Amino acid sequence: MATADVDALIVGAGFSGIYMLKRCRELGLSARVIDAATDVGGTWYWNRYPGARCDVESMSYSYSFSDELQRDWTWTERYAQQPEILDYVAHVVERFDLRRDMRFETRVTSAAFDETSNRWQVETDRGDNISAKYCVMATGCLSTTNLPDFRGLESFEGDTYHTGRWPHEAVDFTGKRVGIIGTGSSGVQSTPVIAAEAAHLTVFQRTPNFSVPAFHGPIDPDVVKMWKTRHRELRQHARTSRIGDIFEVSETSALDLTREARDAEFERRWGQGSFNFLASFTDLITSRAANDFAVDFAHKKIRQRVDDPEVAELLCPKDHPFGTKRLCVDTDYFETFNRDNVSLVDVKAAPIEEITPRGLRAGGKEFELDAIVFATGFDAMTGALLAIDIRGRGGIEFKEKWSDGPKTYLGLAVAGFPNLFTVTGPGSPSVLSNMITSIEQHIEWIADCMGYMEARDLTTIEASREAEDKWMRHVSDVADGTLFFESNTWYVGANIPGKPRVIYPYVGGVGAYRDICSKIAADGYAGFTLVSAAEHVSPAMGA
Ligand code: NA7
């Protein structure tokens, strides 16, 4: 593909890129997918650390676009393990014969909009030069790893790993003294598994996280039967819900109940596992008083699960409201700290000073380690986009345009960057939702938009600055009505030094967001400017 001319260039071969390619084919458009990995899977290609599994239930975390696919594929566990998700993705790619339009081990380095031809000129690290009418950034929300700049890192004589770049070869920690830095979802999932193998595991915790039990196990045949017979209805429920899944919706404020009634509901939801707990009441994310009840309940659970009261206190999150930092879903995480071969080190009280040849030093104390696992997260939502040199009209760079924080229209499009789409981009529900529900909604919206353009012989579609500004104000206003800004999290860019502190995902909910996007499309793409070679079509304004 040294030089190529396609209708659509799709960056990323994860769930988004795969489905985008399928939809492009159905529109009769020529399309290519490019990915830096050696194979399909996106996030699930890279995150293959011990214990890696999806914390959204398997039946929900799968494509809904094909009835046959849903009927034919059967998951084995309540929450799918990373290898099974990769098997599923590979199955989808083979089933729909998508691989022939995919190119691997190739990184897109730049994309520039040529105002003369009204096409994107895309370059790769292999020297490809591709011209495309549409450029779809299916680059993922959690694909650029964050490795903090620890002093002395290169001096370490043992092995180092990042959970988001785990090697393909088997890693054996048997007999080793392992240190893990980070207690987000990746740390919480890998800690029990590494602890079961290593001679000793030291967990270096800066901020404790709330975690709800997964109650993981083999998939319940009744659940499979329910999904196979009622999948259309259940998917519709997910699409119109707040987080893109089929949780039971509460209509009660946590403040309206007696302590006993509230705790009974918390207990019931807790017993269901996963994110059900977060949906216990209507106001957990909007009212500090309501949230405090959830905090107290979760603290009580941690104290029940951890034998040593001092360790339990250290594991109790006290600096952020419940659910405003990515909630973890665990299997035996807290119980792992009851093991003799596991210790917890508070690196908030005594920060990591440096990595040394034989381990690391924190708070003046040296910890000898044979291996260090960095479970230190990602430059979420914008990292992968800003890693590509993207230039729109007048050569304006994404980096420059987003220097104070991302600006998008619907998290889908960016003013000044015609015919470029960001799948689950900043300003869309994305990471606050079941990603597959959100991905499907975006891909279908983009495909419909491409179909609309092709049918009318339109050359470009571009978000207007007014619509973009209005959308970003709305994204911020909705977040202002919640507790999200009370936490230092990657939802607000706090994990990356210098990253603008704004809300990155749209917190207004999947169903509400879908309605907004659908209305905009039904109104002839209100807030966008659509232009044909022959004529200029004035858009209706406003979101
Ligand atoms: P997260 O959720 O960003 O967690 C990263 C963890 O690493 C978190 O506990 C951080 O502590 C910790 N961290 C980061 N830098 C440091 C330094 N310098 N010192 C000590 N500890 C540090 O990433 P995950 O990979 O676990 O999860 C990402 C998402 O993947 C997850 O939410 C799911 O959607 C799937 P902090 O909290 O910043 O104090």
(request) Pairs of Cα atoms under 8 Å, at least six residues apart: use those to get the relative contact order of segment 187-333, whole percent. (result) 39 percent
(message) To test your reading of the geometry: what angle, between 0 and 90 degrees and rounded to tens, separates the Cα axis of helix 288-305 from the longest principal axis of the chain?
(response) 50 degrees
(request) Please list 190-199, 357-366 highest first by mean number of surrounding beta-carbon atoms within 10 Å per residue. (result) 190-199, 357-366
(message) Taking the 0 to 90 degree range and rounding to the nearest ten, how far is the long axis of helix 185-197 tilted relative to the main principal axis of the chain, both from C-alpha atoms?
(response) 50 degrees
(request) Grab the Cα-Cα distance for L69 and A526, subtract it from 0.36 nm times how many residues apart they are, and report the gain in nm with one decimal. (result) 161.1 nm
(message) Quick check on packing: order 51-59, 523-531, 86-94 by the mean number of other C-beta atoms within 10 Å, highest mean leading.
(response) 51-59, 523-531, 86-94
(message) Can you compute the helix-only [θ] at 222 nm over the chain? Use -39500 (n - 2.57) per DSSP H run of at least 4 residues, normalise by all residues, nearest 500 deg cm²/dmol.
(response) -9500 deg cm²/dmol
(message) To test your reading of the geometry: what angle, between 0 and 90 degrees and rounded to tens, separates the Cα axis of helix 15-26 from the longest principal axis of the chain?
(response) 20 degrees
(request) Evaluate the distance, in nm, between pseudo-label points positioned 7 Å from the Cα of E197 and of E251 along their respective Cα→Cβ axes. (result) 4.9 nm
(message) If I take R0 = 25 Å and measure r between the Cβ atoms of E368 and D149 in this structure, what FRET efficiency does the formula 1/(1 + (r/R0)^6) give, to the nearest 0.05?
(response) 0.65
(message) Restricting to bridges with both residues inside the chain, how much of the DSSP beta-bridge set is antiparallel, in percent to the nearest 5?
(response) 45 percent
(message) Quick check: at a probe of 1.4 Å, how many percent of the accessible area of the chain sits on carbon and sulfur atoms?
(response) 49 percent
(request) Determine, from the Cβ-Cβ distance of E260 and T286 and an R0 of 30 Å, the FRET efficiency 1/(1 + (r/R0)^6), rounded to the nearest 0.05. (result) 0.80
(message) At 0.36 nm per residue, and after removing the present C-alpha to C-alpha distance, how many nm does the segment from D296 to R206 gain when stretched out fully?
(response) 30.3 nm
(message) How much accessible area per residue does the chain have, counting only protein heavy atoms and a probe of 1.4 Å, in square angstrom?
(response) 40 Å²
(message) For the pairs K301/K348; K133/K407; K300/K499; K318/K499, flag any whose C-alpha to C-alpha distance is greater than 26 Å.
(response) K300/K499
(request) Answer rounded, prolate or oblate for segment 1-75, using the Cα gyration tensor with square roots of eigenvalues a ≥ b ≥ c: rounded when a/c is under 1.5, else prolate when a/b is larger than b/c, else oblate. (result) oblate
(message) How far apart, in nanometres, would the label points at K470 and S403 be if each is projected 7 angstrom from Cα along the Cα-to-Cβ direction?
(response) 2.8 nm
(request) Starting from segment 448-502, pick out the trypsin sites (Lys or Arg not before Pro) whose DSSP state is loop and whose Cβ has at most 15 other Cβ atoms within 10 Å. (result) R456, R501
(message) For the ranges 308-314, 423-429, 449-455, what's the packing order if you count other beta-carbon atoms within 10 Å of each residue, average per peptide, and put the highest first?
(response) 423-429, 449-455, 308-314
(request) Report the relative contact order of the chain, percent, no decimals, based on alpha-carbon pairs under 8 angstrom and at least 6 residues apart. (result) 19 percent
(message) What distance in nm separates the two pseudo spin-label positions at K348 and E105, each 7 Å out from Cα along the beta-carbon direction?
(response) 4.5 nm
(request) Within segment 460-542, list the GluC sites (Glu not before Pro) lying in a DSSP loop whose Cβ has at most 15 other Cβ atoms in a 10 Å radius. (result) E535
(request) Taking the Cα centre of segment 37-81 as origin, work out the dipole magnitude from +1 charges on Lys and Arg Cβ and -1 charges on Asp and Glu Cβ, in debye rounded to 20. (result) 200 debye
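The values are calculated or read from the model by the stated rules, or taken from the named source; none is laboratory data. From a predicted model like this one, the values you see are computed outputs, not experimental measurements. A quick note on method: Cβ atoms are made from the backbone with ideal geometry, for glycine too, and the neighbour counts reach across all protein chains shown. To get the accessible areas, we keep the full protein, side chains included, count just its heavy atoms, and leave off ligands, DNA and RNA. Shrake-Rupley method; radii C 1.70, N 1.55, O 1.52, S 1.80 Å.
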